1. Treating only the Cα positions of region 1-148 as identical point scatterers, give the base-10 log of I(q)/I(0) from the Debye formula at each q in 0.18, 0.19 Å⁻¹.
2. Mind jotting down the distance between the C-alpha centroids of region 85-154 and region 8-68, whole Å?
3. Taking the chain as a Gaussian network, Cα atoms linked when under 10 Å apart, which of Gly42, Gly133, Gly117 shows the biggest mean-square fluctuation?
4. How much length, in nm to one decimal, is gained on full extension between Asp112 and Ile79, taken as 0.36 nm per residue of separation minus their Cα-Cα distance?
5. Would you mind checking the radius of gyration and Dmax of region 49-133 based on alpha-carbon positions, in Å?
6. GNM on the chain, C-alpha springs below 10 Å: top fluctuator among Ile79, Ile108, Ile11?
7. Output the antiparallel fraction of DSSP beta bridges having both residues in the chain, as a percent to the nearest 5.
8. Which order do Asp20, Asp112 fall in if you start with the one that has the fewest other Cβ atoms within 10 Å?
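A short reminder: the numbers here are calculations on the coordinates, not readings from a lab. All of these numbers come straight from a predicted model, not from anything done at the bench. Neighbour counts are summed over all protein chains in view; Cβ atoms, including those assigned to glycine, are modelled from backbone coordinates with ideal geometry.
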Amino acid sequence: MSDREYPARPIVGVGAVVLDGDLVLLTRRGRPPNVGQWTLPGGAVEAGESLRAAVEREVREETGLVVEAGPVVELLERIVRDDDGRVRYHYVLIDFLCGLAADASREIVCGDDCPEGRWVSAADLGGLPVTEGTREVVARAVAAARGAPPGELEGLFVGDPYLPRT
């Protein structure tokens with residue numbers, strides 16, 4: 001059992017929607033939860049680390065890519081319960097729109113906790129099996145990157161519907 005299973009309190013994590021033209025970066029999960037599914041690169045924030053520094057570090061560790069974090073595109077939570085109803089995983093996640101740093105390579109070199117990474121069409125995510133909410137977060141990020149007004153982004157919120165969307 002990992003230290004992230006059955007936590008005493010929620011774990012703060014970050015995710016990166018890395019866009020390159022009409023492509024988005026996805027990684028295949030190598031660890032629970034959702035092993036084998038495709039998702040956005042990201043992970044837990046370390047003590048003393050800013051959110052933007054955390055998302056840039058996580059992308060670099062998982063894929064070898066150097067990115068620059070932009071605006072927040074989503075705030076959500078993931079609560080996974082076991083068969084007895086106990087909280088097995090609880091994450092509060094902040095997803096950032098990111099772009100490749102100037103002169104950065106597009107070549108993906110996966111780290112030990114990311115078995116595979118791919119650039120796929122942001123429109124259909126390459127037809128890959130993705131984690132819950134990934135499609136909606138990517139759609140929101142694409143809209144934000146294209147300059148969509150906030151009202152158009154609001155309907156794409158994938159977190160708790162009772163949380164304020166501002």
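1. Listed by q, the Debye log ratios stand at -1.05, -1.18.
2. 8
3. Looking only at Gly42, Gly133, Gly117, the biggest GNM fluctuation is shown by Gly133.
4. Between Asp112 and Ile79, full extension yields 9.4 nm more.
5. Rg then Dmax for region 49-133, in Å: 15.0, 50.
6. Ile79
7. 70
8. Ranking Asp20, Asp112 by Cβ neighbours within 10 Å, fewest first, gives Asp112, Asp20.
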